[in-house]
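Have a look at the structure below before the remarks.
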Amino acid sequence: MDDAERRSGDAVGFWLAKFIFLGPFLRFLWRPWIEGRENIPDDRPAILASNHLSFCDSFFMPLLMPRKVTFLAKAEYFTTPGIKGFFSRMFFSGVGQVPIDRSDKDAAQAALDTGVRVLREGHNALLGIYPEGTRSPDGRLYRGKTGVARLALESGAVVIPVSMVNTDVIQPPGRLLPKLRPRPGIRVGKPLDFSRYEGMAGDRFVERSMTDEIMYELMQLSGQEYVDQYAAKVKAAEGKDVGFGSRERRQQPVRELGERVPGTRAS
């Protein structure tokens, strides 16, 4: 199967999940809501940069968006063992999500390249990304990884801040099935256009400035307290990482998307 056939199959899987197999079920039980949907442009690609509170963020966000959303999803969603892992893998694979191996720098670069390709494939493509790199360990908003800035600079896409609401309440880390209340929601902010930095991809100061601007907009939109630390490092320091349907386990430090090796600078 070539790439065109695979992408066509992924799109079909997305729409089947959204309108037949999964979407009606989610809408009926949880009645999710959205504010600011008009901020999503119809005529250009966009990066949906969201806070990350719960595993179910990746279900409710694409459900409420007007077009197919492709996520750069962490590889653990595709490799978790057991029945829980089976359903996770089936869902993410079926709708064409892109796994990221966060432990290898070359894989991280490949994920960035894949994101740029997704954004360039269609005039109105939507790419979902969590700049924090992992779920918040305590509901606060953590420092963003600069991969989102690199994606914006290399693709020319606008960045749209998206705030998930109540998803951490209905499905906190370690809970398999979400509670039915409160209703989950999404607030969509106005597009951020970084065309003023065109041609400056690889400048770590520019990319950090862009990322901080995106995180500031997310803070304003979500009302979360901001913490100027990487969430993954906080989890590593605590010695645990509670994933989808998993018990607490020791976690080794990982290299997140957009985190550079000290002393290097891309050109």
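The values are calculated or read from the model by the stated rules, or taken from the named source; none is laboratory data. Please read these numbers as outputs of a predicted model, since none were measured by experiment. Here the Cβ positions follow ideal geometry from the backbone for every residue, glycine too, while neighbour counts run over all protein chains shown. SASA here: full protein model, heavy atoms, side chains in, ligands and nucleic acids out. Shrake-Rupley method; radii C 1.70, N 1.55, O 1.52, S 1.80 Å.
Here's the yes/no breakdown for (1) part of a loop (DSSP other than H, G, I, E, B); (2) surrounded by fewer than 16 Cβ atoms within 10 Å (Cβ to Cβ); (3) at pLDDT 80 or above:
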site: Asp113; (1), (2), (3): no, yes, yes
site: Arg135; (1), (2), (3): yes, no, yes
site: Gly144; (1), (2), (3): yes, no, yes
site: Ala152; (1), (2), (3): no, no, yes
site: Ile160; (1), (2), (3): no, no, yes
Would you mind stating whether Val69 is more than 24 Å from Pro182 (Cα to Cα) and modelled with pLDDT of 70 or more? yes
Residue hits (the range 38-54; farther than 14 Å from Asp193 by Cα and surrounded by 12 or more Cβ atoms within 10 Å (Cβ to Cβ)) are Ser50, Asn51, His52, Leu53, Ser54
Could you please find all residues in the range 222-250 being outside any helix (DSSP H, G or I) and modelled with pLDDT under 90? Gly239, Lys240, Asp241, Val242, Gly243, Phe244, Gly245, Ser246, Arg247, Glu248, Arg249, Arg250
Sort through Pro184, Pro253 and tell me the only one that's touching a helix residue (DSSP H, G or I) at 6+ places or on another chain (Cβ under 6 Å) and at pLDDT 85 or above. Pro184
State yes or no: is Val188 under 19 Å from Ala125 (Cβ atoms), under 19 Å from the mean Cα position of the chain (by Cα) and open to solvent by less than 20 Å² (accessible area, probe 1.4 Å)? yes
Looking at the range 63-91, which of its residues are under 11 Å from the mean Cα position of the chain (by Cα) and open to solvent by 10 Å² or more (accessible area, probe 1.4 Å)? Thr70, Leu72, Lys74
When the residues of the range 115-133 are filtered to those that are in a loop (DSSP other than H, G, I, E, B) and crowded, with 22+ Cβ neighbours inside 10 Å, which remaining residue is modelled with the lowest pLDDT? Gly133
Mind checking which pairs have a first residue in the range 179-201 that is on the phi > 0 side of the Ramachandran plot and a second that is surrounded by 12 or more Cβ atoms within 10 Å (Cβ to Cβ), Cβ under 9 Å, 6 or more apart or different chains? Gly199/Leu153
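Please indicate, with yes or no, whether at least one residue in the range 206-216 is in a loop (DSSP other than H, G, I, E, B) and either out of contact with any Ser or Thr (no Cβ under 6 Å at 6 or more places or on another chain) or open to solvent by 10 Å² or more (accessible area, probe 1.4 Å) (or both).
Within the range 206-216, none of the residues are in a loop (DSSP other than H, G, I, E, B) and either out of contact with any Ser or Thr (no Cβ under 6 Å at 6 or more places or on another chain) or open to solvent by 10 Å² or more (accessible area, probe 1.4 Å) (or both).
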In this structure, is Arg204 of a type in the set (Lys, Arg) and touching a residue at least 40 places away in the same chain (Cβ under 8 Å)? yes
Expected output for the range 120-131 (first residue on the phi < 0 side of the Ramachandran plot and without any contact (Cβ under 8 Å) to a residue 24 or more places away in the chain, partner acidic (Asp, Glu) and in a loop (DSSP other than H, G, I, E, B), Cβ below 8 Å, 6+ apart or cross-chain) is none
